[in-house]
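Written below as structure tokens is the structure these notes are about.
The values are calculated or read from the model by the stated rules, or taken from the named source; none is laboratory data. Since the model is a prediction, treat every value here as computed from it, not as a measurement. With ideal geometry, Cβ positions are generated from the backbone for all residues, glycine too; neighbour counts draw on all protein chains shown. We work out accessible area using only protein heavy atoms, side chains counted, and drop any ligands, DNA or RNA first. Shrake-Rupley method; radii C 1.70, N 1.55, O 1.52, S 1.80 Å.
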Amino acid sequence: MSFDLSKLLRSHIAGMKPYSSARDEYKGTSGVFLDANENPYGSVGGGQYNRYPDPMQWEVKEHIAKVKTVKKEQIFLGNGSDEPIDLLIRAFCEPHRDNIIQMSPTYGMYQVSSDLNGVDVIDIPLTVDFHIKTEEVLRAVTANTKIIFICSPNNPTGNSLRREDIEKIITTFEGLVVIDEAYIDFSSERSFLTQLESNPNLIVLQTFSKAWGLAGVRLGMAFASEAIIKVLSKIKYPYNINMLTQQVALKALSDLSGRDKMVKDILEQRTELAKELLTIPYVQFVFPSDANFLLVKMDHANEVFEYLINKEIILRSRTKIILCEGCLRVSVGTKADNSVLIAEMKKYS
Ligand SMILES: *Cc1c(COP(=O)(O)O)cnc(C)c1O
């Protein structure tokens, strides 16, 4: 496998000069700041938000680097992981020429960002037991395939994809391989973060939205070689992560045991919920999950879904998705949430 990032990058992006913000040009933290047209008095509504935030979020990255054992230069922060998904497609895929590969059923944003950017999607669905058709994926690669998206643990199926299949793709494909690890904290599998050094084409996505309980602040992480991170930083909006988000992230990063405790509780509830679901007569199957949700196959899935909506219990219907016929996706709730769900499901017949 030979890998050349400069050959993959769209040429006009290689050649362009990024926006240089006031805070890029002067890096000191004390002084009389009259460079950024900010309000010198403070913020209407209270608080201290009148200064622009650090465009590169170095303090947050330093903390993440320690927690994840990577270099801070190997981290990109985005407005959710959806931002790096979009930026990767925009940086590397020429509209109406290039393509990406995904494996349905999977996370919807790879398709949406590709559609938005005029980039073709080659879909090589998973097997019926939700594993990668590795040989087919590699055979589907064309001269214009720039990125292969792999979601593991996969949404909406919940399982981790086989490590040897993923490794085969990383070491064979000469474009970029994105492994979306949004659910890695709930998984018994190891992260691919440790393989960054040996694989210059690898990008690992993680997020504060799930295990950290911070979906509302919008903070996603991409980990990759310094060269790939530089490309993403070059084309992002200058201040893509606001000050409030950076402050909340720093607070969260100082409470690792808080995260671990929540993950432990969710995993206990996942086991309990799966067991309870299987006692319901019309439930056919609960797929094994490495995530914080369960994919559940049942008789009359559409009717059960509507019945529960009327009881103000909202699940995610996946019945129209390939390989997920008859399936609803259930996020693991609190013990109380799960009890309400099970009680109502038992009333349906
Ligand atoms: C939830 C989820 C994300 C996280 O998205 P954010 O934009 O960070 O909230 C990413 N990938 C997958 C597969 C997900 O299910």
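For the stretch 277-304, which residues satisfy the criterion of being closer than 23 Å to VAL128 by Cα and either open to solvent by 40 Å² or more (accessible area, probe 1.4 Å) or basic (Lys, Arg) (or both)?
Within the stretch 277-304, LEU278, GLN284, PHE285, PRO288, LYS297, ASP299, HIS300, ASN302 meet the criteria.
Residues of the stretch 254-298 being touching a residue at least 12 places away in the same chain (Cβ under 8 Å), among the charged types (D, E, K, R) and more than 22 Å from SER191 (Cβ to Cβ), which ones?
GLU272, GLU276, LYS297
Test LEU328 against the criterion of being open to solvent by less than 40 Å² (accessible area, probe 1.4 Å), touching a Cys at 6+ places or on another chain (Cβ under 9 Å) and either at pLDDT below 95 or part of a strand (DSSP E or B) (or both), and give yes or no.
Considered against the rule, which asks whether it is open to solvent by less than 40 Å² (accessible area, probe 1.4 Å), touching a Cys at 6+ places or on another chain (Cβ under 9 Å) and either at pLDDT below 95 or part of a strand (DSSP E or B) (or both), LEU328 comes out as no.
Those residues that are of a type outside the set (A, V, I, L, M, F, W, C), open to solvent by 10 Å² or more (accessible area, probe 1.4 Å) and within 13 Å of the ligand (Cβ to nearest atom), I need them from the stretch 105-125; list them, please.
Those that are of a type outside the set (A, V, I, L, M, F, W, C), open to solvent by 10 Å² or more (accessible area, probe 1.4 Å) and within 13 Å of the ligand (Cβ to nearest atom): THR106, TYR107, GLY108, GLN111.
Looking only at the stretch 157-171, which residues are of a type outside the set (A, V, I, L, M) and either within 16 Å of the ligand (Cβ to nearest atom) or part of a loop (DSSP other than H, G, I, E, B) (or both)?
THR157, GLY158, ASN159, SER160, ARG162
Take the residues in the stretch 202-234 that are surrounded by 22 or more Cβ atoms within 10 Å (Cβ to Cβ) and among the polar types (S, T, N, Q), then tell me which one is farthest from the ligand (Cβ to nearest atom).
GLN206
Scan the stretch 235-254 for residues that are open to solvent by less than 40 Å² (accessible area, probe 1.4 Å), in a helix (DSSP H, G or I) and not hydrophobic (A, V, I, L, M, F, W, C) and report the count.
2
Sort through GLU268, GLU344 and tell me the only one that's at pLDDT 95 or above, in contact with a Lys or Arg (Cβ under 7 Å, 6 or more places away or on another chain) and in a helix (DSSP H, G or I).
None of the other options fit; the residue is GLU344.
Residues to consider are GLU25, GLU83; find the one that is on the phi < 0 side of the Ramachandran plot and surrounded by fewer than 20 Cβ atoms within 10 Å (Cβ to Cβ). Break it down into steps so the answer makes sense when it comes.
Numbers: GLU83 fails: surrounded by fewer than 20 Cβ atoms within 10 Å (Cβ to Cβ).
Answer to the selection: GLU25.
Can you tell me which residue within the stretch 3-15, out of those that are in contact (Cβ under 8 Å) with a residue 40 or more places away in the chain and of a type in the set (A, V, I, L, M, F, W, C), is most open to solvent (accessible area, probe 1.4 Å)?
PHE3
When you check ILE101 against the structure, is it assigned to a strand (DSSP E or B) and either crowded, with 17+ Cβ neighbours inside 10 Å or modelled with pLDDT of 95 or more (or both), yes or no? Before you say what the answer is, go through the steps one by one.
Working: assigned to a strand (DSSP E or B): yes; either crowded, with 17+ Cβ neighbours inside 10 Å or modelled with pLDDT of 95 or more (or both): yes.
So ILE101 fits the description; yes.
Output the number of residues of the stretch 46-98 satisfying the condition of being of a type in the set (Phe, Trp, Tyr) and part of a helix (DSSP H, G or I).
Within the stretch 46-98, the subset of a type in the set (Phe, Trp, Tyr) is 49, 52, 58, 76, 92.
Restricting the remaining residues to those that are part of a helix (DSSP H, G or I) gives 58, 92.
Total satisfying the criteria: 2.
Considering only residues that are within 16 Å of the ligand (Cβ to nearest atom) and of a type in the set (Val, Ile, Thr), look in the stretch 26-83 and name the one that is farthest from the chain's Cα centre (by Cα).
Among residues in the stretch 26-83 that are within 16 Å of the ligand (Cβ to nearest atom) and of a type in the set (Val, Ile, Thr), the one farthest from the chain's Cα centre (by Cα) is VAL60.
Condition check ((1) within 15 Å of the ligand (Cβ to nearest atom); (2) at negative phi; (3) in contact (Cβ under 8 Å) with a residue 12 or more places away in the chain) across all residues:
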site	(1), (2), (3)
THR127	no, yes, no
VAL137	no, yes, yes
ASN154	yes, yes, yes
PHE173	no, yes, yes
VAL178	yes, yes, yes
ILE184	yes, yes, yes
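Evaluate the stretch 169-182: report whether one residue or more is out of contact with any His (no Cβ under 9 Å at 6 or more places or on another chain), more than 20 Å from ASP82 (Cβ to Cβ) and of a type in the set (A, V, I, L, M).
At the first step, the residues of the stretch 169-182 found to be out of contact with any His (no Cβ under 9 Å at 6 or more places or on another chain) are 169-182.
Then keep just the ones that are more than 20 Å from ASP82 (Cβ to Cβ); that gives 169-175.
Adding the requirement that they be of a type in the set (A, V, I, L, M) leaves 169-170.
Yes - at least one qualifying residue is present in the stretch 169-182.
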